[in-house]
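Beneath this line is the structure, given in structure tokens, with notes to follow.
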Amino acid sequence: MKKTTQLYEGKAKKVFLTESGDLVIQEFKDDATAFNNKKKGSIADKGIVNNAISCKLFTLLEEHGIRTHLVEKLSEREMLCRFLDIIKVEVVVRNIAAGSLVKRYGFAEGTVLQQPIVEFYLKDDDLDDPLMNESHAVALGVATLDELAVLKSRAEAINAVLKTFFAEKKLKLVDFKLEFGRHHNEILLGDEISPDTCRFWDLDTNEKMDKDRFRFDLGGVEDAYSEVQRRVLEID
């Protein structure tokens with residue numbers, strides 16, 4: 001399968017059309033951004049790591065009956081995907097208090113939540129991806145109530161699978177972002193699942209092993225990403 005026209009370029013990926021109108025190629029970049037693109041940089045081989053982790057996790061979710069856009073891994077940086085009409089709702093699932101949840105509500109960082117929190121954000125960089133509820137999403141025309149119910153239930157199912165999986169890899173799944181899209185009257189998981197879109201803490205030490213190391217200049221960014229890849233792919 002070959003690339004044709006570039007359809008989209010975002011902060012972390014490029015998407016290309018193919019000869020098939022129903023398939024696209026998603027290419028992972030090494031560019032890194034934080035705070036809604038206010039901080040920019042690069043993480044060596046991030047695209048390779050995130051593609052490998054995402055392909056592994058999408059395959060895992062498919063095995064648990066959760067449909068994704070992944071067709072196959074094409075190369076170190078590329079995956080072949082089903083074309084999605086992206087729903088402009090970012091779904092965030094939180095298991096442990098961190099990041100904006102701490103700032104907004106005063107949780108102590110590291111508080112284990114009694115039950116996971118599912119949040120919706122408007123996918124709009126110009127507006128800094130604001131938090132919204134179902135009524136906002138419907139009023140903005142980005143999703144229907146029925147679609148939002150699917151996103152929430154699908155996110156909860158994904159969380160259940162991933163929490164167990166990462167615990168086996170000695171990682172805490174603190175929180176993570178998901179994106180979905182419409183494909184032939186079906187809603188599929190899209191985008192990626194990686195240290196870019198998840199917060200991972202070491203199960204024993206609580207060491208941060210994700211993009212927070214880039215956000216807050218903690219150092220060891222490449223090592224953290226590589227360690228997550230090593231555990232996820234069970235690389236010796």
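The values are calculated or read from the model by the stated rules, or taken from the named source; none is laboratory data. Note that the structure is a prediction, hence the values are computed from the model and not measured. Because the Cβ atoms are built from the backbone with ideal geometry, glycine has one as well, and the counts that use them run over all protein chains shown.
Anything in region 196-225 that is in the same structural domain as Thr111 (by TED's automatic domain parsing) and of a type in the set (Phe, Trp, Tyr)? List them, or say none. Within region 196-225, Phe200, Trp201, Phe214, Phe216 qualify.
The set of residues from region 213-234 being over 14 Å from Asp45 (Cβ atoms), out of contact with any helix residue (DSSP H, G or I) (no Cβ under 9 Å at 6 or more places or on another chain) and part of a helix (DSSP H, G or I) comprises just one member, Arg215. Checking the stated criteria, Val102 turns out not to satisfy the condition of being in contact (Cβ under 8 Å) with a residue 12 or more places away in the chain and of a type in the set (Val, Ile, Thr). Taking region 1-43 as the range and being assigned to a strand (DSSP E or B), under 19 Å from Gly181 (Cα atoms) and free of Cβ contacts under 8 Å to residues at least 12 places away in the same chain as the test, the residues that pass are Gln6, Tyr8, Glu9.
So, Lys56, is that one on the phi < 0 side of the Ramachandran plot, touching a Lys or Arg at 6+ places or on another chain (Cβ under 7 Å) and not assigned by TED's automatic domain parsing to the domain that holds Asp128 or not? Against the criterion (on the phi < 0 side of the Ramachandran plot, touching a Lys or Arg at 6+ places or on another chain (Cβ under 7 Å) and not assigned by TED's automatic domain parsing to the domain that holds Asp128), Lys56 does not qualify. Of everything in region 52-70 that is without any contact (Cβ under 8 Å) to a residue 60 or more places away in the chain and assigned to a helix (DSSP H, G or I), the residue that is surrounded by the most Cβ atoms within 10 Å (Cβ to Cβ) is Cys55.
I'm trying to understand the selection: among the residues of region 129-168, which are over 17 Å from the mean Cα position of the chain (by Cα), crowded, with 16+ Cβ neighbours inside 10 Å, not small (Gly, Ala, Ser) and not in a helix (DSSP H, G or I)? The answer is Met132, Val142. The conditions of being under 21 Å from Asn51 (Cα atoms), surrounded by 12 or more Cβ atoms within 10 Å (Cβ to Cβ) and free of Cβ contacts under 8 Å to residues at least 24 places away in the same chain are met by Gly220.
Would you be able to say whether some residue in region 85-100 is in a helix (DSSP H, G or I) and closer than 20 Å to Asp210 by Cβ? Yes, some residue in region 85-100 is in a helix (DSSP H, G or I) and closer than 20 Å to Asp210 by Cβ.
Condition check for Val49 on (1) in the same structural domain as Phe216 (by TED's automatic domain parsing); (2) touching a Pro at 6+ places or on another chain (Cβ under 8 Å); (3) not acidic (Asp, Glu): one failure, at (1).
Residues checked against (1) within 14 Å of the chain's Cα centre (by Cα); (2) within 29 Å of Arg231 (Cβ to Cβ):
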position: Gly10; (1), (2): yes, yes
position: Lys13; (1), (2): yes, yes
position: Glu19; (1), (2): no, no
position: Lys29; (1), (2): no, yes
position: Lys38; (1), (2): no, no
position: Val49; (1), (2): yes, yes
